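Computed from the coordinates by the stated procedures, all read-outs in this text should not be read as laboratory data. All of these numbers come straight from a predicted model, not from anything done at the bench. Methodologically, a virtual Cβ is constructed for each residue, glycine included, from the backbone with ideal geometry; neighbour enumeration extends over all protein chains shown.
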Amino acid sequence: MKNLLNQIRPPLPWRMPVTILLGIFFGLAVYVFYVSKAKSYLGDNPETCINCHVMIPHYANWAHNSHGRVTTCNDCHVPHNNIFNKYLFKAEDGLNHAAMFTLRLEPQVIIMEDETRDLVRENCIRCHEKTVKKEFIYAVQPNYHNFLEERWCLDCHRETPHGRVNGLSSTPNALTIPKSNSVVADWLDKELKIKNEELRIKNEKSQSQKVFSTQ
């Protein structure tokens, strides 16, 4: 172990610059971990999904849907065959989302890919097993044709649970939902509220003056 440390230890003239660079790197890593609220992604709280504002319409539709009373986001969008696969999927999906949102590559209307549709279908069957499994259906309707191998559940149940149209403009009341903890400093948040209120009052006065001038 001592020999290994000696091999990776930088030469004496480089120790201070390397120490500073490592400090900057780990400091930025901790800051990014805090700003991205990475800890929240380890759990199943649905409000985690609205860390990114583009997901607010999806959250709002889910919260006002029947599924909002009995499920979380992870119940449908994460594999449940074993705990290792679950967290591996969350890590891969999280990195993909982080890259998309950081580079501003996300679409206005989010549509699931085929791989995600298959995963959601598996979770639909997992929860609604007694409704869709062949052994249960055929016991009641022997001639029933089961479409599970030919279609996705969402081909028919398009309104479940996020509605037919998804986008920031499709749910006008979406912004009224409780927001998760903000990373904005309290003093800055207060200052922004004051500025916004001043701007609102100024706009109202301007509108009033225009009305009086036209009369």
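What ranking do TYR87, TYR34 get, fewest neighbouring Cβ atoms within 10 angstrom at the top?
Placing the least packed residue first, the sequence is TYR34, TYR87.
Sort VAL70, VAL109, VAL132 so that the residue with the fewest other Cβ atoms within 10 Å of its own Cβ comes first and the one with the most comes last.
VAL70, VAL109, VAL132
Provide PHE89, PHE147 in ascending order of the number of other Cβ atoms located within 10 Å of each residue's Cβ, fewest first.
By the 10 Å Cβ count, ascending: PHE147, PHE89.
Quick check: pseudo-label points 7 Å beyond the Cα along Cα→Cβ at VAL18 and LEU188, how many nm apart are they?
With each label placed 7 Å out from Cα toward Cβ, I get 3.5 nm.
Beyond a 32 Å Cα-Cα separation, which of these cross-linked pairs lie in this structure: LYS39/LYS202; LYS90/LYS133; LYS86/LYS130?
Details: LYS39/LYS202 41 Å; LYS90/LYS133 28 Å; LYS86/LYS130 24 Å.
Beyond 32 Å: LYS39/LYS202.
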